[in-house]
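The structure under discussion appears below in the form of structure tokens.
The values are calculated or read from the model by the stated rules, or taken from the named source; none is laboratory data. Bear in mind that the values here come from a model prediction, so they are computed numbers and not experimental data. Neighbour counts run over all protein chains shown; Cβ positions are idealised from the backbone, glycine included.
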Amino acid sequence: MNPAALKVNRQHLKKGSIVIFDTDSFTRKDLEKALFKTEDPFAELNLKDVQPIPVAITSMTKDSLADSGMENKDILRSKNMFSLGIVCWLFNRPIEIAEQLLKDKFKKRPKLVETNIKALTDGYNYGNNIHLTATTYRIDTVETGKGFYTDINGNTATAYGLIAAAEKAGVKLFLGSYPITPATDILQELSARKDLGVKALQMEDEIAGICTAIGASFAGSLGATSTSGPGLSLKSEALGLAVMTELPLVVVDVQRGGPSTGMPTKSEQADLFQALYGRNGESPLAVIAATTPTDCFDSAYWASKIALEHMTPVVLLTDGYIANGASTWKIPNLEKYPTITPPYVQKNFNESAENWKPYLRDEETLVRYWGVPGTEGYMHRIGGLEKDYFTGVISSNPENHQLMVDTRKAKIKKIADFIPEQAVIGNKDADTLIVGWGGTYGHLLEVMMRIQDKDRKVALAHFRFINPLPRNTYDILKKYKTIIVAEQNTGHFASYLLSQFDDIKVHRFNRVEGQPFSVSELVDEFIKIMGDN
């Protein structure tokens, strides 16, 4: 840490925090650049309750790799490995895990592996040799169940979830996409999965990406496209086409700070309204939000299942925080995942092919049958113009248009009968409910537990399924005296809940800073809202 980083992160330092700082970067000149007035930045920032650990990280990294033959700029890039070695010593963690990670990540660059492992080892040995300690807790090894585990980030998990769903459904996966921060890793991962039958196509722009995916869906594949907020805006017209043609499509929106180019490397939840309503006309579709890096797999699987079984586009919302965040993931057994059964016309339409029309539907689900081109006897055409409910031909009849609008809306609403009910965790007899959605799950779970540690009763309902909402949503909300909806936007989900249930009242906690929630701030604010409850 340098002086500027210390000043910026001062707000996040709690009592007892450990601050490892590079003494080589705390010169008088460095302090002046960061606008410190004295040579004691810790006193100037009133950081008397933290544990500073001064280490000459830069100079010792140079000494460590002096014989490596690397240029100075490359040696300096290894400072983080030297620092990681110190952290491993402080928290009693084995460095072998980090060594293996380096070997796997840079297996084609053995020299880079060698130098980084040396810096890592020397940092660890430095802490050992000087008996470096910090007054803190020890991180013990987590006991996990039997199985195969790996570290995975949200974008990779999303890609794997799409692959798994296509495999389960017995269809090919096609991704048509265009690079955009922070979603590009999904395109890169799927481009490398030709061995699993994945077809990925990098197009010239966002519109072309989604249109190729729609074409692939028409041809019988699971069509998918990945993007972020600005790209979702560009895809909106084609999303309307997917709604009108009623084809299976998954659109992954890895949310970032906006509007416009905004803050590409920062995270927020401000695309919810765009996902729900950002198309012309009455254009309903399903919306799902992943909650953690590993949940991106399950959410992508569910998004694909809904798209394929209900013949609809689905917007899967993740965000930069969980997309780039990593977590330990137990590789799942796909046999335990729900089946995916596309509504193929030849398997579900009980009459002769001569009686079939492109928009004939299952009477229970209102899902139109999927006639894949090339299926004998089911030649047809679909498109963006409104179609007759019965014949499938182009129609501008007002009564028919009303019927089709109502049908498309009802079809999405009926999805609620096929998704899990909403879970609530925490105190069963609580009067206060925290409500969240998407990538804030970890923060809100920690907030709930800290409030419980203060002998206050509270519960948490964190939503994955946004549109439609789970069937028991209203039954949950009406039970609580106090409902606090926390979001990284100006109140999208709270407003959406009120639009669905006009007799509930909610308290809103909103931040749009491009930064993760501060747990301590949320604890203080929520307790104020709870009052004497």
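Only one of these is modelled with pLDDT under 95, over 21 Å from VAL314 (Cβ atoms) and either in contact with a His (Cβ under 6 Å, 6 or more places away or on another chain) or surrounded by fewer than 22 Cβ atoms within 10 Å (Cβ to Cβ) (or both): ASP475, ASP502, ASP453, ASP431. Name it. Please lay out each step first, then the result.
Numbers: ASP475 fails: modelled with pLDDT under 95; ASP453 fails: modelled with pLDDT under 95; ASP431 fails: modelled with pLDDT under 95.
Result: ASP502 is the single residue among ASP475, ASP502, ASP453, ASP431 that is modelled with pLDDT under 95, over 21 Å from VAL314 (Cβ atoms) and either in contact with a His (Cβ under 6 Å, 6 or more places away or on another chain) or surrounded by fewer than 22 Cβ atoms within 10 Å (Cβ to Cβ) (or both).
Considering only segment 54-120, give the helices (runs of 4 or more DSSP H) lying wholly within it that have at least 2 residues that are without any contact (Cβ under 8 Å) to a residue 40 or more places away in the chain and polar (S, T, N, Q).
Details: elements: 57-64, 72-76, 79-90, 96-105.
Correct list: 57-64.
Looking at GLY392, is it under 19 Å from ALA410 (Cβ atoms), small (Gly, Ala, Ser) and either surrounded by fewer than 24 Cβ atoms within 10 Å (Cβ to Cβ) or in contact with a Gly (Cβ under 6 Å, 6 or more places away or on another chain) (or both)? Quick ask: steps written out before the conclusion?
Values: under 19 Å from ALA410 (Cβ atoms): yes; small (Gly, Ala, Ser): yes; either surrounded by fewer than 24 Cβ atoms within 10 Å (Cβ to Cβ) or in contact with a Gly (Cβ under 6 Å, 6 or more places away or on another chain) (or both): yes.
Taking the combined requirement at face value, the residue satisfies it.
Looking at segment 316-415, what helices (runs of 4 or more DSSP H) fall wholly within it and have at least 2 residues that are farther than 30 Å from SER267 by Cβ and out of contact with any Phe, Trp or Tyr (no Cβ under 6 Å at 6 or more places or on another chain)? Even if it seems obvious, please write down each step before you answer.
Numbers: elements: 320-324, 345-348, 398-414.
Fully inside segment 316-415 and qualifying: 345-348, 398-414.
Could you identify the single residue in ASP30, ASP49 that is in contact (Cβ under 8 Å) with a residue 12 or more places away in the chain, among the acidic types (Asp, Glu) and more than 30 Å from LYS118 (Cα to Cα)? Explain how you work it out, then say what you get.
Numbers: ASP30 fails: more than 30 Å from LYS118 (Cα to Cα).
Selected residue: ASP49, the only one of ASP30, ASP49 that is in contact (Cβ under 8 Å) with a residue 12 or more places away in the chain, among the acidic types (Asp, Glu) and more than 30 Å from LYS118 (Cα to Cα).
Residue under question is ILE322, and the condition is that it be touching an Asp or Glu at 6+ places or on another chain (Cβ under 7 Å), of a type in the set (Val, Ile, Thr), farther than 16 Å from GLY392 by Cβ and crowded, with 19+ Cβ neighbours inside 10 Å; does it hold? Explain how you work it out, then say what you get.
Working: touching an Asp or Glu at 6+ places or on another chain (Cβ under 7 Å): no; of a type in the set (Val, Ile, Thr): yes; farther than 16 Å from GLY392 by Cβ: yes; crowded, with 19+ Cβ neighbours inside 10 Å: yes.
Answer is no for this residue.
Table: residues versus (1) farther than 19 Å from HIS131 by Cα; (2) of a type in the set (S, T, N, Q).
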{"site": "VAL8", "(1), (2)": "yes, no"}
{"site": "ILE20", "(1), (2)": "no, no"}
{"site": "THR23", "(1), (2)": "no, yes"}
{"site": "LEU45", "(1), (2)": "yes, no"}
{"site": "ASP63", "(1), (2)": "yes, no"}
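Is there any pair with a first residue in segment 167-190 that is in the same structural domain as GLU309 (by TED's automatic domain parsing) and surrounded by 22 or more Cβ atoms within 10 Å (Cβ to Cβ) and a second that is in a loop (DSSP other than H, G, I, E, B) and acidic (Asp, Glu) whose Cβ atoms are under 9 Å apart and which are 6 or more apart or on different chains, and what are they?
Every condition considered, the pairs that remain are TYR178/GLU204; TYR178/ASP205.
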